Each structure stands twice: as structure tokens, then as C-alpha cells.
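Colleague: Just dropping this structure here.
The values are calculated or read from the model by the stated rules, or taken from the named source; none is laboratory data. In this text, all values refer to a predicted model and were calculated from it rather than measured experimentally. Neighbour counts are summed over all protein chains in view; Cβ atoms, including those assigned to glycine, are modelled from backbone coordinates with ideal geometry.
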Amino acid sequence: MPDGPTHENHFGNFSYVARYYQLDESSEKYPVLEDRYIAMMAAHRINPPLPRRLLPKVADDGAALFDEQADRQITEFVERYHVTNIDVPRAPFRDVLTAGRSKAICYYQSWYAYLTKKGWAERAYLYMLDEPNTKEAYEEVRQLGALVHEGAPDLRRLVVEQPYTQNPDWGSLDEAVDIWCPLFAFLEESSIKRVQQTGDAVWSYTALCQKAPSYHPDYAKIKNDNPPYWQIDFPVLSYRIAPWLNRRYGVTGLLYWTTVCWNSPTRNPWDNPGFRVNYNGEGALFYPGEDAGIDGPIATIRLKNLRDGMEDYGYFTLLEKAKGKEAVDEIARAAVPTWGTWDQDPSPFKVAFGHKTGRDGTSYFPHAESIQQRVLVSRKSSV
């Protein structure tokens, strides 16, 4: 498999870690601790974010200054952690739609020029706005989208919103968004295909325990369905199935707001895993390791299962190259007929990968093994 994730993804930064440990991000200890979280995130096939300490300085006109040191540090980071998606920072200016507009345009222009020079532009994106749930927020998306397009026409603009509008009176976001990111339960196949036909991408995300909204195009049919919920209280397969869900719907990316929301030093997630009381494990795929004598993170079982799903998606990509898209679609649909009817029994994974049982009773997956063998052969021949 490739060294980095095949499935595009965004899982937030580690500012909560600094808050939990009561560390200033400019302190000597914090970067060491942050790097340990970054390394473990990458080891689970999730793209770590660029640390703030590596971001380039900004000129008076707003341009990001990629001098030799900044370029070297960013390049080393991308190569060390096999980063396949780069989240372009939001322009660090006040009133970007008014007084700071020209600086913001220059900022995005300089970032995209650098990314293009490095060969990273195609999978870079700007997380432009989160959950625009009012008419005013929709208008802000359109204005921000126009600003970014003026500075960097090919920089992908991600907005956490579904491709169908929440309220027709709010207008369309089609010209302002390049990556749509609906909740699992908000996925709707015809709207996904509509925006993909215009060249847009669709990712998905989850938060809390949210079912389909009343404005879902097929609400009457699916209102009682449940998507995978990312909470401790639900089957751990919910984490592994997410990339399968995406593959089933032709969705190419996965977003989660953070992996380390522990809120405060007074709330130890080992003892109190709740978020807003009811959501156990929400926003927390790592635990702080100090209680176990580890100066760094401990990965949850949930994160391990997500990694398995990310690897499954990588194998899907290899299988599609070898056997075609239909072969992959058949496997994905067997396990995930729809987002609301996915099977919580792990047996569909066994069927999908051609699960067999050896004479000693040990189960194995010959299809997956054959793909792995082809990868190994190709790597040896390239060496």
C-alpha cells in the first residue's frame, strides 16, 4: 500500500492538548508533545495538520513568505509523515471580507503558488467554513468563496454542508464550494452525483448522534434509519465502516472535528469520557498517556478500527486498478447497502474479502492477501 492515506481526510489539530496540559504552544515542551500525537495520527493513516510553528511568516501585503527555512521544515514534515492532504491555513487577518480582503487574496495566492511548485496543490484544500446553518452564513460562504477564487482559482474550498440546500430561500452555494462535506446521515446519492458531475468532490463527517434532517430529499423513506455513530456506546465497527460507507456513495474524503477534545485539565477522559454529558468518546480518539506512565498519546480501540477502515479503502483503490470499479462496488454494496442499513455484524467484511477458514480454524482473507502480495512484488521489482 502507499505510505500515506489513499482516502482524503481532515481530523483537526492538537490545540486541545496544550489546553489540557496547560502548556503555551510556544513553550519548549509543547512541540515535543505535539510531535508525538502527530506521529501516532500518521501511523493510523490519518493526515496530521501542519503545526502552527511551521507556518510561514506573512509580509505586509499579506503574502506568505516561504523562505528556505520554512520550505525545508514544511517539506520535512510532509515527507516524514507521508502527508497526502494539506489543509491551507485560513488567512490570519481581521475582516477578510472588507478591510483585510486584499491581504487575504494575496495570502491564498502565495500559498497556492507554493503548493503548485511543490507538486501538492491537487490534494490541498481550504477548510473555509463550518456548518453554515443560516441565510447569513450562506451569504458568507458565497463571499468567502469569491474571495478565495480571486486569489487562487484552483484552490479547493471545503465547507461542512450537504450538496442540497437546507432552505431554498437561502440560495445556492454551487459556485462557492469545491468540497461538500455532509454528515453521514445527510448523504443523498443523487445530490452527490450532481455536484460530482460539475467537478466537485464530496467528503463526509460525523459529530454527536445526528439522524437525517427533515429537509433530506428522501426523508420520508429514511427518517428512522441510523448511520454509524462514533460514540463508545455503539459497535466499534461504526469506525471501520465509515470509509466503506464513503466508497459505497463515491465519497472521497472523511472529516472529524478533533481527536483530542478533553475540554479541561479537570476532566480526565479516562474517568469521564462524556462530551456535553451524553456523547461518550465524542471528539476523542486519543487518550492522554500520563496515567499509564506515557509522555504522549494512547490510541483508542476506536482509532485502531478506523485505521483498519482506512486500509480497506486503500485496498479498494488497488483492487479498482486491477479489476475495475464494478468489482469494488460489489464488495462495498454487500456490506453497506445504504448508510442506514449497514450491517453491524462483522461478517460482511469476511464475505467481502473472500473470508475462508483454514484447517486449524484460523480465518483468513485470500483476496486481501493476493492484493498485498501484488504490492510486495511490485515494490521489490521497483527496488
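Colleague: Answer yes if at least one residue in segment 123-133 is assigned to a helix (DSSP H, G or I) and either under 29 Å from N167 (Cβ atoms) or not basic (K, R) (or both), and no otherwise.
Modeller: no
Colleague: Quick test of your reading of the structure: G253 fulfils all but one of (1) touching a helix residue (DSSP H, G or I) at 6+ places or on another chain (Cβ under 8 Å); (2) at pLDDT below 95. Name the failing condition by number.
Modeller: Condition (2) is where G253 drops out.
Colleague: In segment 86-99, what count of residues is obtained for those that are in contact (Cβ under 8 Å) with a residue 12 or more places away in the chain and surrounded by fewer than 17 Cβ atoms within 10 Å (Cβ to Cβ)?
Modeller: Looking only at that region, the number is 4.
Colleague: Would you tally the residues in segment 1-30 being in a helix (DSSP H, G or I) and either within 15 Å of V260 (Cβ to Cβ) or at pLDDT 95 or above (or both)?
Modeller: Going through segment 1-30 one residue at a time, the tally reaches 7.
Colleague: Please determine whether any residue of segment 262-276 is under 28 Å from D178 (Cβ atoms), surrounded by fewer than 23 Cβ atoms within 10 Å (Cβ to Cβ) and assigned by TED's automatic domain parsing to the domain that holds E188.
Modeller: No, the conditions are met nowhere in segment 262-276.
Colleague: Condition test on G62, is it surrounded by 18 or more Cβ atoms within 10 Å (Cβ to Cβ), under 30 Å from S204 (Cβ atoms) and of a type outside the set (D, E, K, R)?
Modeller: It is false that G62 is surrounded by 18 or more Cβ atoms within 10 Å (Cβ to Cβ), under 30 Å from S204 (Cβ atoms) and of a type outside the set (D, E, K, R).
Colleague: Let me ask something else about it. Show the residue pairs that are 6+ apart or on different chains and have beta-carbon atoms under 6 Å apart, the first residue being within segment 170-184 and closer than 18 Å to G250 by Cα, the second being assigned to a loop (DSSP other than H, G, I, E, B).
Modeller: D178/D200; W180/P163; P182/Q162; L183/Q210; F184/T206; F184/P227; F184/W339
Colleague: State all residues of segment 287-323 that are without any contact (Cβ under 8 Å) to a residue 12 or more places away in the chain and closer than 22 Å to G4 by Cα; if no residue qualifies, say none.
Modeller: E320, K321
Colleague: Test of understanding: among V159, V195, which residue is surrounded by fewer than 22 Cβ atoms within 10 Å (Cβ to Cβ), at pLDDT 95 or above and not assigned by TED's automatic domain parsing to the domain that holds F77?
Modeller: Of the residues listed, the single one that is surrounded by fewer than 22 Cβ atoms within 10 Å (Cβ to Cβ), at pLDDT 95 or above and not assigned by TED's automatic domain parsing to the domain that holds F77 is V195.
Colleague: Quick check: anything in segment 208-224 closer than 24 Å to P49 by Cβ and modelled with pLDDT under 95?
Modeller: Checking segment 208-224: at least one residue is closer than 24 Å to P49 by Cβ and modelled with pLDDT under 95.
Colleague: Out of the residues in segment 182-192 meeting the condition of being in a helix (DSSP H, G or I) and either crowded, with 23+ Cβ neighbours inside 10 Å or among the small types (G, A, S) (or both), tell me which one is farthest from the chain's Cα centre (by Cα).
Modeller: Top of the filtered list is S190.
Colleague: Exactly one condition in (1) in a helix (DSSP H, G or I); (2) crowded, with 17+ Cβ neighbours inside 10 Å; (3) out of contact with any strand residue (DSSP E or B) (no Cβ under 6 Å at 6 or more places or on another chain) is false for R45; which is it?
Modeller: Of everything listed in (1) in a helix (DSSP H, G or I); (2) crowded, with 17+ Cβ neighbours inside 10 Å; (3) out of contact with any strand residue (DSSP E or B) (no Cβ under 6 Å at 6 or more places or on another chain), R45 misses just condition (1).
Colleague: To continue, here is another question. Look through segment 202-250, keep the residues that are among the basic types (K, R) and surrounded by 15 or more Cβ atoms within 10 Å (Cβ to Cβ), and return whichever of them is nearest to D130 (Cα to Cα).
Modeller: Among those residues, the one meeting the criterion is K211.
Colleague: Looking at D233, D271, D295, D225, can you tell me which residue is assigned to a loop (DSSP other than H, G, I, E, B) and touching a strand residue (DSSP E or B) at 6+ places or on another chain (Cβ under 6 Å)?
Modeller: D233
Colleague: Determine the pairs where a residue that is within 17 Å of I46 (Cα to Cα), located within segment 70-85, has a partner that is modelled with pLDDT of 95 or more and of a type in the set (F, W, Y) with Cβ atoms under 8 Å apart, the partner being 6 or more residues away or on another chain.
Modeller: V78/W120; V83/F77; N85/Y125
Colleague: Still on this structure, I have one more. Select from segment 156-181 the residues that are assigned to a loop (DSSP other than H, G, I, E, B) and in contact with a strand residue (DSSP E or B) (Cβ under 6 Å, 6 or more places away or on another chain) and list them in ascending order.
Modeller: P163, V177, D178, C181
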